[in-house]
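Following: one structure in structure tokens, then a few remarks.
The values are calculated or read from the model by the stated rules, or taken from the named source; none is laboratory data. Everything quoted here is computed from the prediction, not taken from an experiment. Every residue, glycine as well, gets a Cβ built from its backbone with ideal geometry; the counts of neighbours run over all protein chains shown.
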Amino acid sequence: MTDARERLLQVRNLQLHYRTRRGTARAVDGVDLDVGRNEALVVLGESGSGKSSLAKALMRLLPRNVARYSGQVMLGGDELMGMDDERFRSGVQWNRIAMVMQAAMNALNPVVRVGEQVAEPLRVHRGWSKAAAMERVVETFAIVGVSRDFVTRYPFELSGGMRQRVVLAMALITEPELVILDEPTSALDVLTQASIMNVLKRIKREQGTSFILITHDVATSSELADRVALMYAGQVVEQSDARDFFHHPAHPYSKLLMDSVPRLHQSEPPGYIPGEPPDLIDPPAGCRFADRCPSRFGRCSEDPPAFELNGERRVRCWLHEEGTDHDG
Amino acid sequence: MTAEEPLLQATNLHTWFELRQWGFLRVGSVRAVDGVDFELGRGESVAFVGESGCGKSSLARTLLGLHNPSHGDVIFEGQHLSELKGEARRQYLARVGYVQQDPFGALPPFMDVRRLLSEPLIIHGVKDRDERERRICQALQEVRLTQVDEILPKFPHMLSGGQQQRVVIARALLLEPAMLIADEPVSMLDASVRVEILNLLRRIQTERGLTLAFITHDLSTVRHYADRIFVMYAGRVVEQAPVEQLLDNPQHPYTRALLAAIADVDADNALDERDVPDGEPPSLLHPPEGCRFHPRCPQAMAGLCDRQDPPLFEPEAGHYSACWLQDPERD
């Protein structure tokens, strides 16, 4: 499917390690990802699985204690990792890849009208006139469902849902090819959450934008996902089509995670995964999920590579080794 | 006291917060809890569900005696909460355990687990050190922190989120409460741990015959952990029913909207937009006339819903809904 659709982003063996007092934390440890044009890839993972670090690595928004930052990132044919910081900042960051950070709606400047804040990238980076930038702000507000009267309001005058839309408009204003959303609805109420997801669906349909949606919430992820990449301890353990992932998960961790999702109309109670995720500083040598895995066997003391199933599915688990043998 | 007598009764409960300008000019009241009546039986698990700002946490804090009700009262084991003073009030607080939303924020960072679990026992007069140690170990066993010797000397930041929440639950159980109030006990935890903590609460509740009141915004988790649900909107209970009846046959348009906004995980979810009522919950400072949901309600009836406050109707036995649509004398 990805080949039929044009491939927008291709990530290979991405590494982002941090120096800490206790040693090197491998937050992102050999991640491969693909995002097609007009596709929504959901990066699913529990806290500490490295999903936010992955977003930062793609945006090159790095803290100072980076120990290692390497790999290959191709965006529409351009290799990004080799680009120097100045070119990346002027050409890619916020222009071709934009991001809505976690809790960004609480980080709006309280003393600047929201319209001016949203217009800022155009005014500062592209030198647009105020009138032209404001016109674009009004257009973008229409896309995210904010009325034009709100342009002159201050953040405190807006509700949480409206502020989240404003932050979304800020990411869309430069018409990026790829928008990364880090937990865009986690602080919002159920109804507001649903209406923000509606807005995202509409943008994807009408504007053709590609998304990487980062979340820990399986139910939210199903509202937008074309494909799902599940992270565990810094690695992507399964990457599948959304339909396969939600209905026939392949990796044992995916299966347990799907079983732990409460369902409204289900008579048996949801399950849970005993144990804790491993420490990223000194992760276990073999499969990182082995300690908690009900189907572990001898082979699991070795680190499994990502096995390909049916061409489109990649699963990092020895149980699927035979699958590759059959396919080729 | 008969078995049928409820453990806790809230009668016409109001918790209003006065707003003052410059510290003295009264400018109005935030009606966080605005006329709520209910009874909680012994050994019953109930869930209060609603969006943020609907008054559910204010209600919890009122039940805990942290806010004084502006009108109405809470009656616990036959005693009026507003009349409890001094020692009697302390006794009451020992009978009601509290599990907060944010386990890390709920645990003092400078105390190790042994010390922070000893504290409530010391305050409530357990002077014997061995007796305290025994009760602490028992409580930790009960929340399945079985490596007691490893846990006791640890400080909160050395524990995982799930372990922290277990310590909070253990602390709530130390004084042998009759009731446990859990305010969003799992919303800060990871999905895989949530179910474990909810199962734990449910098991403790049934084993000890506790009354469990849990406050949540997440309707999808309540089915297995509560017997009855109260749906709150803008300071009021708008619908109240046993879990199955409420989830399978919701009556109030607000409950229906909430249920329509969440769906079971399915790849098709990405294809369709969901029905979401327009607008936002009303200001609790100036709630709308009539039914508080009418400005957003797709079925609002002009001349009725915007004028008169609906009482609780009982469309089926044990199922209450505050909506004019359920008025048996309509048309």
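Going through B:159, B:117, B:152, B:64 one at a time, which residue ends up being crowded, with 21+ Cβ neighbours inside 10 Å and at pLDDT 90 or above? Don't jump to the end; show me each part of the working.
On the way: B:159 fails: crowded, with 21+ Cβ neighbours inside 10 Å; B:152 fails: crowded, with 21+ Cβ neighbours inside 10 Å; B:64 fails: crowded, with 21+ Cβ neighbours inside 10 Å.
Selected residue: B:117, the only one of B:159, B:117, B:152, B:64 that is crowded, with 21+ Cβ neighbours inside 10 Å and at pLDDT 90 or above.
It is to be established whether one or more residues within segment A:138-145 are farther than 29 Å from residue A:260 by Cα and within 12 Å of another protein chain (Cβ to nearest Cβ).
Restricting attention to segment A:138-145, the residues satisfying the condition of being farther than 29 Å from residue A:260 by Cα are A:138-145.
Applying the additional criterion that residues be within 12 Å of another protein chain (Cβ to nearest Cβ) yields A:145.
Yes: one or more hits.
Mind telling me which of the residues A:70, A:47, A:90 ends up being surrounded by fewer than 18 Cβ atoms within 10 Å (Cβ to Cβ) and assigned to a strand (DSSP E or B)? Step through it out loud before you land on a result.
Values: A:47 fails: assigned to a strand (DSSP E or B); A:90 fails: assigned to a strand (DSSP E or B).
None of the other options fit; the residue is A:70.
When you go through A:206, A:157 one by one, which is the residue that is within 14 Å of chain B (Cβ to nearest Cβ), without any contact (Cβ under 8 Å) to a residue 12 or more places away in the chain and closer than 29 Å to residue A:123 by Cβ? Can you show your working first?
On the way: A:206 fails: without any contact (Cβ under 8 Å) to a residue 12 or more places away in the chain.
Result of the check over A:206, A:157: A:157.
If I ask for residues that are away from chain A (no Cβ under 13 Å) and in contact with a Lys or Arg (Cβ under 8 Å, 6 or more places away or on another chain), which ones from segment B:31-54 would you list? Write out each step before concluding.
Just the residues of segment B:31-54 that are away from chain A (no Cβ under 13 Å), to begin with: B:31-46, B:48.
Scanning segment B:31-54 gives B:34, B:35, B:36, B:44, B:45, B:46, B:48.
Could you identify the single residue in B:84, B:59 that is of a type in the set (A, V, I, L, M, F, W, C) and buried (at least 18 other Cβ atoms within 10 Å of the Cβ)?
Working: B:84 fails: buried (at least 18 other Cβ atoms within 10 Å of the Cβ).
Going through B:84, B:59 in turn, just one is of a type in the set (A, V, I, L, M, F, W, C) and buried (at least 18 other Cβ atoms within 10 Å of the Cβ): B:59.
Conditions (1) more than 17 Å from residue B:269 (Cβ to Cβ); (2) modelled with pLDDT of 90 or more, marked per residue:
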site	(1), (2)
A:178	yes, yes
A:199	no, yes
A:210	yes, yes
A:221	no, yes
A:283	yes, no
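Which members of segment B:274-294 meet the condition of being out of contact with any Lys or Arg (no Cβ under 8 Å at 6 or more places or on another chain), surrounded by 18 or more Cβ atoms within 10 Å (Cβ to Cβ) and modelled with pLDDT of 90 or more?
B:291, B:293, B:294
Out of segment A:93-120, which residues are at pLDDT below 90 and assigned to a helix (DSSP H, G or I)?
Result: A:104, A:105, A:106.
So which pairs qualify, if the first residue must be in segment A:289-307 and under 15 Å from residue A:322 (Cβ atoms), the second must be hydroxyl-bearing (Ser, Thr, Tyr) and surrounded by fewer than 18 Cβ atoms within 10 Å (Cβ to Cβ), the Cβ gap must be under 6 Å, and the two must be at least 6 apart or on different chains?
Once the first residue is under 15 Å from residue A:322 (Cβ atoms) and sits in segment A:289-307, its partners that are hydroxyl-bearing (Ser, Thr, Tyr) and surrounded by fewer than 18 Cβ atoms within 10 Å (Cβ to Cβ) give A:307/A:324.
On the basis of being facing another protein chain (nearest Cβ under 10 Å) and either out of contact with any strand residue (DSSP E or B) (no Cβ under 9 Å at 6 or more places or on another chain) or of a type outside the set (A, V, I, L, M, F, W, C) (or both), does residue B:218 make the cut?
Values: facing another protein chain (nearest Cβ under 10 Å): yes; either out of contact with any strand residue (DSSP E or B) (no Cβ under 9 Å at 6 or more places or on another chain) or of a type outside the set (A, V, I, L, M, F, W, C) (or both): yes.
It is true that residue B:218 is facing another protein chain (nearest Cβ under 10 Å) and either out of contact with any strand residue (DSSP E or B) (no Cβ under 9 Å at 6 or more places or on another chain) or of a type outside the set (A, V, I, L, M, F, W, C) (or both).
Just checking, which of B:134, B:171, B:166 is surrounded by fewer than 19 Cβ atoms within 10 Å (Cβ to Cβ) and either free of Cβ contacts under 8 Å to residues at least 12 places away in the same chain or not in a strand (DSSP E or B) (or both)? Before the answer, list the steps.
Working: B:171 fails: surrounded by fewer than 19 Cβ atoms within 10 Å (Cβ to Cβ); B:166 fails: surrounded by fewer than 19 Cβ atoms within 10 Å (Cβ to Cβ).
Every option except B:134 fails the conditions.
So, of the residues in segment A:261-312 that are within 14 Å of chain B (Cβ to nearest Cβ) and not in a loop (DSSP other than H, G, I, E, B), which turns out to be farthest from residue A:242 (Cα to Cα)?
Only one residue tops the list, namely A:291.
Scan segment B:244-263 residue by residue and report those that are over 15 Å from residue B:297 (Cα atoms), touching a residue at least 24 places away in the same chain (Cβ under 8 Å) and within 13 Å of another protein chain (Cβ to nearest Cβ).
First pass over segment B:244-263, keeping only residues over 15 Å from residue B:297 (Cα atoms): B:244-249, B:262-263.
From what is left, the residues that are touching a residue at least 24 places away in the same chain (Cβ under 8 Å) are B:245-247, B:249, B:262.
Correct list: B:246, B:247, B:249, B:262.
When residues of segment A:247-260 are filtered for being at the interface with chain B (Cβ under 10 Å from one of its Cβ atoms) and crowded, with 17+ Cβ neighbours inside 10 Å, how many remain?
We begin by selecting, within segment A:247-260, every residue at the interface with chain B (Cβ under 10 Å from one of its Cβ atoms); these are A:247, A:253, A:256-260.
Restricting the remaining residues to those that are crowded, with 17+ Cβ neighbours inside 10 Å gives A:253, A:256-258, A:260.
Total meeting the criteria: 5.
Report every pair of residues separated by at least 6 positions or lying on different chains whose Cβ atoms are under 8 Å apart, first residue within segment A:5-17 and touching a residue at least 12 places away in the same chain (Cβ under 8 Å), second part of a loop (DSSP other than H, G, I, E, B) and surrounded by fewer than 17 Cβ atoms within 10 Å (Cβ to Cβ).
Between residues of segment A:5-17 that are touching a residue at least 12 places away in the same chain (Cβ under 8 Å) and residues that are part of a loop (DSSP other than H, G, I, E, B) and surrounded by fewer than 17 Cβ atoms within 10 Å (Cβ to Cβ), the close pairs are A:5/A:37; A:6/A:37; A:7/A:37; A:8/A:37; A:8/A:76; A:9/A:76; A:16/A:62.
Of the residues that make up segment A:60-79, is at least one touching a residue at least 24 places away in the same chain (Cβ under 8 Å), in contact with a strand residue (DSSP E or B) (Cβ under 9 Å, 6 or more places away or on another chain) and aromatic (Phe, Trp, Tyr)?
Yes: one or more hits.
Quickly run through segment B:233-252 and pick out the residues that are outside any loop (DSSP other than H, G, I, E, B) and either crowded, with 23+ Cβ neighbours inside 10 Å or of a type in the set (Asp, Glu) (or both). Don't jump to the end; show me each part of the working.
Going residue by residue through segment B:233-252, those that are outside any loop (DSSP other than H, G, I, E, B) are B:233, B:236-248.
Selection gives B:233, B:236, B:237, B:238, B:239, B:240, B:241, B:244, B:246, B:248.
Go through segment A:249-287 and give me each residue that's closer than 15 Å to residue A:319 by Cβ and out of contact with any helix residue (DSSP H, G or I) (no Cβ under 9 Å at 6 or more places or on another chain).
Filtering segment A:249-287 for residues closer than 15 Å to residue A:319 by Cβ gives A:249-256, A:286-287.
Answer for segment A:249-287, where residues must be closer than 15 Å to residue A:319 by Cβ and out of contact with any helix residue (DSSP H, G or I) (no Cβ under 9 Å at 6 or more places or on another chain): just A:255.
With the requirement that a residue be facing chain A (nearest Cβ under 7 Å) and not hydrophobic (A, V, I, L, M, F, W, C), what does segment B:264-276 give you?
We begin by selecting, within segment B:264-276, every residue facing chain A (nearest Cβ under 7 Å); these are B:264-267, B:269-270, B:273-274, B:276.
B:264, B:266, B:269, B:273, B:274 - these are the residues of segment B:264-276 that are facing chain A (nearest Cβ under 7 Å) and not hydrophobic (A, V, I, L, M, F, W, C).
Somewhere in segment B:224-232, is a residue surrounded by 23 or more Cβ atoms within 10 Å (Cβ to Cβ), within 9 Å of another protein chain (Cβ to nearest Cβ) and touching a residue at least 60 places away in the same chain (Cβ under 8 Å)?
Yes.
May I ask you to verify whether residue B:180 is touching a Lys or Arg at 6+ places or on another chain (Cβ under 8 Å), surrounded by 22 or more Cβ atoms within 10 Å (Cβ to Cβ) and either among the hydroxyl-bearing types (Ser, Thr, Tyr) or closer than 28 Å to residue B:57 by Cα (or both)?
Details: touching a Lys or Arg at 6+ places or on another chain (Cβ under 8 Å): no; surrounded by 22 or more Cβ atoms within 10 Å (Cβ to Cβ): yes; either among the hydroxyl-bearing types (Ser, Thr, Tyr) or closer than 28 Å to residue B:57 by Cα (or both): yes.
Against the criterion (touching a Lys or Arg at 6+ places or on another chain (Cβ under 8 Å), surrounded by 22 or more Cβ atoms within 10 Å (Cβ to Cβ) and either among the hydroxyl-bearing types (Ser, Thr, Tyr) or closer than 28 Å to residue B:57 by Cα (or both)), residue B:180 does not qualify.
Those residues that are facing another protein chain (nearest Cβ under 9 Å), more than 13 Å from residue A:247 (Cα to Cα) and among the hydroxyl-bearing types (Ser, Thr, Tyr), I need them from segment A:211-223; list them, please.
A:221, the sole residue that qualifies.
Within segment A:224-246, which residues are facing chain B (nearest Cβ under 7 Å) and over 14 Å from the mean Cα position of the chain (by Cα)?
Across segment A:224-246, the qualifying residues are A:242, A:243, A:246.
Restricting attention to segment B:314-321, does a residue exist that is more than 24 Å from the chain's Cα centre (by Cα) and not hydrophobic (A, V, I, L, M, F, W, C)? Full working, then the answer.
Filtering segment B:314-321 down to residues more than 24 Å from the chain's Cα centre (by Cα) leaves B:315-316.
Keeping just the survivors that are not hydrophobic (A, V, I, L, M, F, W, C) gives B:315-316.
Yes - at least one qualifying residue is present in segment B:314-321.
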